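Notes for the one structure printed next.
Rule-based calculations on the coordinates, nothing more; no lab input. None of the values given here were measured: they were computed from a predicted structure. Here the Cβ positions follow ideal geometry from the backbone for every residue, glycine too, while neighbour counts run over all protein chains shown.
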Protein chains: 2
Amino acid sequence: MLQQRLPADQASVRRSNLSLVLRHLSENGARSRAVVAVETGLSKTTVTSLVGELQARGLVREIGPQHAGAVGRPGLALALDGSRVGALGLEVNVDYIAAFATDLAGRVLIDRRVTFDAMGSGVERSLGELAAVTRRAVTELGATGVTVAGITVAVPGLIDAHSGVVDVAPNLGWHRTPVAVRLTDAAPGVPIAVGNDANLAALAEYTSGVAAGTADLVYLTGEVGVGGGVISGGRLLEGADGFAGEMGHVMVDPSGERCGCGRIGCWETKVGLAALVRTVTPEHPYGLRDGVLRDPEERLAQIEQAIGDPLVDQAIATVGRWLGRGAATLVNLFNPRVIVFGGYFARLAGRLIPLAQAELERLAMAGSARRCTIVASGLGFGAASRGGAGTVVERILSDPTLIQIR
Amino acid sequence: MLQQRLPADQASVRRSNLSLVLRHLSENGARSRAVVAVETGLSKTTVTSLVGELQARGLVREIGPQHAGAVGRPGLALALDGSRVGALGLEVNVDYIAAFATDLAGRVLIDRRVTFDAMGSGVERSLGELAAVTRRAVTELGATGVTVAGITVAVPGLIDAHSGVVDVAPNLGWHRTPVAVRLTDAAPGVPIAVGNDANLAALAEYTSGVAAGTADLVYLTGEVGVGGGVISGGRLLEGADGFAGEMGHVMVDPSGERCGCGRIGCWETKVGLAALVRTVTPEHPYGLRDGVLRDPEERLAQIEQAIGDPLVDQAIATVGRWLGRGAATLVNLFNPRVIVFGGYFARLAGRLIPLAQAELERLAMAGSARRCTIVASGLGFGAASRGGAGTVVERILSDPTLIQIR
């Protein structure tokens, strides 16, 4: 099909109407052209033309006759297709790389996690491993007839979303790392975006987690670092540069300890996994080398096994109370209905949540705290890559012209 | 014109298309029906029908022939009208009541503030005075041919937006006060909404303040209490119950002083006007009676006159630094491009902002702080009532059927 040249205005109206029709089918299910026209207010001629283009892009297919109700004759029903369109999410974190892929309708095609010491390997080897994981996923999908339409990479750091450059990822030791550009060879011609891991995990919680559909939701992740993502009114809170929701370095105690970031009294110094390890073994900070936490998984397992030891129980309780104090700040500022604990907070949820919830209710402003519940994430470590795949689907629904006409 | 009975779906599509056309004219200026059809993707028949209804509602008028460009013949240009549609914002605060009214195109019709001791008068007399101000504004507008289409009342407290009930307004002494219901007699048949004063002031800053159009903006107001409102991605951040942005009671110092709210170390105890007055006159807390600040305007004037006195300068500097520390939290969580200081922070801006900006840059996460600037509000005390009027205009643009057919 010949690409029409339209004036800028008309091209953008066309794009937004393609999106309107595709999203309408995605959200409301199969229906005829006539019904789509009535329900969207677009003319029948316009709908017919839009549907033709969506079919040519492999995003919509006809599934047989459907009765249109009182307003029209029966017509061929249209449905979202996209079974040959793949959305790939990747995540690189301190000690693993994860990949998650779906088709446009959300069917899971890949869900995998490989252990990899990104912190110890340095930026070059980490980017090489990430490229290898990417190449393998693209090849696998291709072998089943699925073309990857977009990739989003989750990184625990501040990201310049426009350029796909990681500004800084302290726990990986990355600075000004051009992730998107460096992955181009592994997936030629595929648009690659980079996002903050906690923001993407928050999106995954919103679409498929324990509190899915909760329009005002805060996701908090406890790993070596503490990060977060905020869904407000059903949308990810991004801020001017995509840096919103950086909770770990909110100052909660001006007389507190020095944080890894150089500041005093960051929330991370109270509730991060390194803080817990330090409190549990004050005389001998096993697992800490040069102030950096090694083998966080193993340290966490040791702490779980030591539950019952008064020192350990007390340290966990202290973290729980400080979680509640910080959560009160989040409630005052974001007024969420749910706070989802991820990472190690989810692993120790039975101990942490009751104390955190009580402290939250004691400290948050009256109205909102009463109605905010802390829950543990059930998505596990795949959350950020799952969220990454979700943003690719969302981008296609917003602009179907990203998919080439076949 | 006979009201057509449409199925629920179709009625809602019709409403959203009326809004689409009205907003298109509001944002892009006068143009013909043919151009509106091309630019929105609606059919010409639909546009003609929608425009007819908007004319019947007094929201659109024809202003003469306009050439439609290459795509069509010249047609009569349509423009947003609404000169007979009034939007009224009201604000009740500790020591004044303000009223601000515009027509649909934003022309200012009323901008007034009356001194009133709402804190000392109690809820019944305050509601009576608010009703009197409302009645007077509605009568005045009516005398010039303007019908009030909606009212929004700004209150310094937590509001249940659905019911128009003030949950709690600590500095007014209001609890579970049904403001919207109580004003019904003063403006029969007019929809009345109630909102948080700082949220509405943030909206006013976004539409007409010193940083107008900045899509990521935090507004912070220093009065007896400290409040705030957040614009994120061009939208007011509301949270699940409209309680988002309650900055005054964010805990910043667990070893700090007890706040009026009963908690320890709230930001308000560091930067509120009462805290400044207390620090300036530690031996004799003039202006404080039973811990409550009387005549805040007069206290502020005294402090301004005493600038140069080392004790006063030091107290103001301390407030400036604590403003920067709290601002760093706001930057980490909301990543705004601008923080607007309102209330007494604006009055003392020359002293407060340099210190606050320096502390912000020292404490906020690298990426975002570099690009966040603190500025003083220029809107003065009318900001919240102006924002209230703005929300009424916005409601009409979103649902033109709120305006009765004449």
Of the candidates B:Leu130, B:Gly145, B:Met119, the farthest towards the positive dipole end of the range B:80-230 (Lys/Arg Cβ +1, Asp/Glu Cβ -1, centred on the Cα centre) is B:Gly145
Rounded if a/c is under 1.5, else prolate if a/b is larger than b/c, else oblate: which is the range A:11-163, with a ≥ b ≥ c the root eigenvalues of its Cα gyration tensor? prolate
Beta carbon of chain A nearest to the axis of the rotation taking A to B, residue and angstrom distance: A:Ser43, 2
Over chain B, what is the mean sequence separation of C-alpha contacts under 8 Å (at least six apart), divided by residue count, expressed as relative contact order in percent? 17 percent
Quick check on the exposure proxy: order B:Ser126, B:Ser121 from fewest to most C-beta atoms within 10 angstrom. B:Ser121, B:Ser126
Give the percent of DSSP beta bridges with both residues in chain A that are antiparallel, rounded to the nearest 5. 65 percent
Enumerate the aspartates and glutamates that A:Lys44 could reach by cross-link, defined here as Cα to Cα under 15 Å, with residues fewer than 8 away along the same chain left out. A:Glu53
For a quick check: sort B:Asp399, A:Asp253 by the number of other beta carbons within 10 angstrom, fewest at the front. B:Asp399, A:Asp253
Placing +1 on the Cβ of each Lys and Arg and -1 on the Cβ of each Asp and Glu in the protein assembly as shown, which of A:Thr45, A:Phe100, A:Asn28 has its Cα farthest towards the positive end of the resulting dipole? A:Thr45
What does the C-alpha gyration tensor say about the overall shape of the protein assembly as shown? Classify as rounded when a/c is under 1.5, otherwise prolate if a/b is larger than b/c, or oblate. oblate
Between the range B:215-243 and the range A:210-248, what is the C-alpha centre distance in whole Å? 17 Å
Can you pull the mean other chain C-beta count within 10 Å for peptide A:321-333? 4
Mean separation of Cα contacts under 8 Å, 6 or more apart, over the residue count of the range A:211-378: relative contact order %: 23 percent
Inter-site label distance for A:Arg125 and A:Ile307 at 7 Å from Cα along Cβ, in nm: 3.5 nm
Cut-off is 10 Å between beta-carbons; in what order do A:Phe381, A:Phe341 appear when sorted fewest neighbours first? A:Phe381, A:Phe341
With r defined as the distance between the Cβ atoms of B:Thr401 and A:Ile405 and R0 fixed at 51 Å, what FRET efficiency is calculated, to the nearest 0.05? 0.80
Hey, rough spin-label estimate for A:Lys44 and B:His175, points 7 angstrom out along Cα→Cβ, what's it come to in nanometres? 6.4 nm
For peptide B:44-51, what's the mean number of Cβ atoms from other chains within 10 Å of each residue's Cβ? 1
In deg cm²/dmol and to the nearest 500, what is the mean residue ellipticity at 222 nm of chain B if only DSSP H runs of at least 4 residues count, each as -39500 (n - 2.57), divided by the residue total? -13000 deg cm²/dmol
